[in-house]
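Below is one structure, written out as structure tokens; comments come after it.
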Amino acid sequence: MALFNTPSSSLLQTQNFFTSPKKISPFLINVSCSKSPSQPTSSPSPVDDNRENEEPKRRLSQQSSWEAKDSEGKDYLYRLGKEADNMNIAVGARAGVVDSLFAGNFLGKDSDIVFDYRQKVTRSFEYLQGDYYIAPLFLDKVVCHIVKNYLAHRLNVKVPLILGIWGGKGQGKSFQTELIFQTLGVEPVIMSAGELESERAGEPGRLIRERYRTASQVVQNQGKMSCLMINDLDAGLGRFGNTQMTVNNQIVVGTLMNLSDNPTRVSIGQDWRESDITNRVPIIVTGNDFSTIYAPLIRDGRMEKFYWQPNREDIVNIVHRMYEKDGISRDEVVSIVNKFPNQALDFYGALRSRTYDRSISKWVDDIGGIENLGKQLLRRKKDEKLPEFTPPEQTMEALLESGHSLIREQRLIMETKLSKEYMKNVDD
């Protein structure tokens, strides 16, 4: 061995190493293990033979992804970062995806640090308290569309992904849909027309795809039905007169068309991978006039259209359920509907709300008047309670008076057009 071929001075230093408790010096090791250039090459040491016969290093886990390499020699983290635009949001610390050392028990087996954030996008409708009436025709159409999309892979027919509910203003399109979601236990992702435009090109289209994938993750991770709902679609995408079509309008239309054609392959900018299959979830949109929307988007096969105009029986049943807790009988509701015909459903809700005005004015006086209003509402002490508010007693006389007041306001808006007075050079 090389140890016994060293000069005497080096051998002495080596003996001192074994007998002295002092810390070893790297220089002494280099000297004691060095060979003279004039000496012949020695045979391989037993230590080198043991290293050659040594077993490969044992992996930390049979399911560990950190040590896995692809055909190009790239590890899991490199591939994951290339496939997902945000590694933390796309994966988190989920068991079976990352090493168990990092997914530990103190955060839970499936600890996804951002899933609570994604959950906030969904709506649970806990604020809908009370017994409301759902029109049977409306219920059948929405339920049928949801079920058909969840069974699309088993049906030998082309199922439209989008249900377009359109009709007059204030007819309860969004509210009836939310009541159905609450009844079915659906947790939808809801968007508005205000999110269909942005100062950055492509942002609304990407947002739609992200919201769609979020609804798909609710189905996959929580086992609950979900869908994407866009309110007032024509307000964001419709063409009215000389309105300008922007790049974002075109991208949003193209995004919805692509989702209708490929509902299980949705990209938000990451590289495609075979395992990235999105669960198909239905899309429901509402609007007033779909004739203003790009025609290929609303064609049959992509969008199933449903015109909602409640009949007299639906209006009476909805309004009676609204006034039932106030002690208003069905016959009285019928007389109110007859007194104010051709009104939208929201008119009867505003009518009931108008009856609260006098009671609220009296309550303001009870808490000290308008001078102390801000102090009482916002800057009161934690243990200090506001005076109890007593709702007004609903009577036919009060409801009819409120109804006539609302009708007068409607006529004033239509008849008194101050724009003509201020801009006389503008034609009708």
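The values are calculated or read from the model by the stated rules, or taken from the named source; none is laboratory data. Since we're looking at a predicted model, the values are computed, not measured. Quick reminder, even Gly has a Cβ in these numbers, built from the backbone with ideal geometry, and neighbours come from all protein chains shown. These accessible areas exclude ligands, DNA and RNA; they are computed on the full protein's heavy atoms, side chains included. Shrake-Rupley method; radii C 1.70, N 1.55, O 1.52, S 1.80 Å.
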Cα extents of segment 156-207 along the three principal axes, largest first (Å):
37, 37, 24
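Find the accessible area per residue for segment 157-240; the probe is 1.4 Å, ligands and nucleic acids are left out, and the unit is Å². Kindly include the intermediate steps, with their values, before the conclusion.
Details: 3210 Å² over 84 residues.
Counting only protein heavy atoms, the per-residue value for segment 157-240 is 38 Å².
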When the dipole is taken about the Cα centre of segment 163-311, and only Lys, Arg (+1) and Asp, Glu (-1) are charged at their Cβ, what size is it in debye, to the nearest 20?
180
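Roughly how big is segment 154-247's charge dipole about its Cα centre, with Cβ charges of +1 (Lys, Arg) and -1 (Asp, Glu), in debye to the nearest 20?
Details: 11 positive and 9 negative charges, 81 e Å.
Roughly 380 debye, rounded to the nearest 20.
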If the limit is 22 Å between Cα atoms, which of Lys169/Lys420; Lys148/Lys173; Lys362/Lys385 go over it?
Lys169/Lys420
Where only alpha carbons of segment 292-428 are counted, the Rg and the Dmax (Å)
21.9, 62
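Determine, for each peptide in 329-340, 405-416, the mean count of other beta carbons within 10 angstrom over its residues, then list the peptides with the highest first. Before the final figure, lay out the partial values.
On the way: 329-340: 14.8, 405-416: 10.5.
The most tightly packed comes first, giving 329-340, 405-416.
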Along the positive direction of the dipole of segment 178-312 (beta-carbon charges: Lys, Arg +1; Asp, Glu -1; about the Cα centre), which of Asn288, Asn311, Phe240 reaches farthest?
Asn311
Bounding extents of segment 179-325 in its principal axis frame from Cα atoms, largest first in Å, are 56, 46, 29
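Using a 1.4 angstrom probe with every protein chain in place, what is the largest-first accessible-area order of His153, His404?
Working: His153 140, His404 80 Å².
From most exposed to least exposed: His153, His404.
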